[in-house]
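Dropping the structure in here first, questions after.
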Amino acid sequence: MDKPILTQAKADYWNRPLFCIGMPRSGTSMAMGVLAACGLWIGTMRPPTPQNPKGFYENYRLERRIAEVCLGLAGADPNGVNPLPKLSAFKNFPSIRNLADFELRGDGYAGDIPWGFKSTKMTLSWPIWARAFPKARWLIVRRPADQVVSSCLRTPFLRVRSANPKFWQSSVAVYQQRIDQLKASGLAYDELWSTDILEGHGAPLRPIADKLGLIWKDEQVRTFIEPSYWGGTEAH
């Protein structure tokens, strides 16, 4: 059976996305790749790079046309590096729901299966996404801060911004603050560590797949999870 399990929310997939957030280089791409293997609709993704050869598993249209634009409008770096926005910068933002619906439809989403959007930049601006999709479920992917900093320093497109560990330590602290604020907000969320996902061959994500009405595909998940690639300082 390849179709999603029938759930009470089946007729409301459009309003109940999965939003995956976390720090850069924390394992969000890996987590979303597992869920995509089980049928989560991602849409047109950012092209792979040498640093993420398996792909970023984030919707290109939502990322470029909404997530990055909103950071820029808030006076922050659209790439989510420096400067970083204050959470209060998004307090009076107009709803992005119509924009998101337009981009989803343009990318071919028909609302007949579960969908998700992963973006580390959304970690910085989560209130506008929560207002647009109040029924969304949030997945926070965690990784020890020192490993995140080490990975940022090893990743060319991030290292070019700064090769100073203190710069990335400060950035990681801001991202963690935003995560803590989301957790304290009352939104529905799950929190997983990328190391647990790796060591469990993806199994910690199965309860989330079940909540979304996805079909768990153990063989595909195990094939996707390759500790030799995803492990160490290279978790994405």
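Placing +1 on the Cβ of each Lys and Arg and -1 on the Cβ of each Asp and Glu in the chain, which of 43, 111, 76 has its Cα farthest towards the positive end of the resulting dipole?
76
Going by how many other Cβ atoms sit within 10 Å of their own, how do 29, 170 line up, fewest first?
170, 29
Among 221, 93, 30, pick out the residue whose Cα is farthest towards the positive end of the charge dipole of the chain, where Lys and Arg carry +1 and Asp and Glu carry -1 on C-beta, about the Cα centre.
93
Can you give me the long-range amide H partners of residue 189? Hydrogens built in the peptide plane at 1.01 Å from N, cutoff under 5 Å, separation of 5 or more residues or another chain.
138
How much length is gained on full extension from residue 98 to residue 190, taking 0.36 nm per residue of separation minus their Cα-Cα distance? Walk me through the numbers on the way to the answer.
Values: separation 92, 0.36 × 92 = 33.12 nm, distance 2.64 nm.
Extending this stretch completely gives an extra 30.5 nm.
Counting only helical runs of four or more DSSP H residues, what would the 222 nm mean residue ellipticity of the chain come to if each run contributes -39,500 (n - 2.57) and the total is spread over all its residues? Present the calculation step by step, with values, prior to reporting the outcome.
Working: 11 runs with 90 residues, N = 236.
Calculated from helices alone, the mean residue ellipticity at 222 nm is -10500 deg cm²/dmol.
Write down the radius of gyration of the range 105-205 and its Dmax, each obtained from C-alpha positions, in Å.
15.8, 46
Can you give the translational diffusion coefficient of the chain in µm²/s, computed by Stokes-Einstein from the Kirkwood radius over Cα pairs at 37 °C and 0.692 mPa s? Please report the intermediate quantities before stating the final value.
On the way: Rh = 17.9 Å.
Once the numbers are plugged in, D ends up at 184 µm²/s.
Read-outs: derived from the displayed coordinates by stated rules, not from any lab. Fair warning: this is a prediction, and the values are worked out from it, not measured in the lab. In this analysis, Cβ positions are derived from the backbone assuming ideal geometry, glycine residues included, and neighbour counts consider all displayed protein chains.
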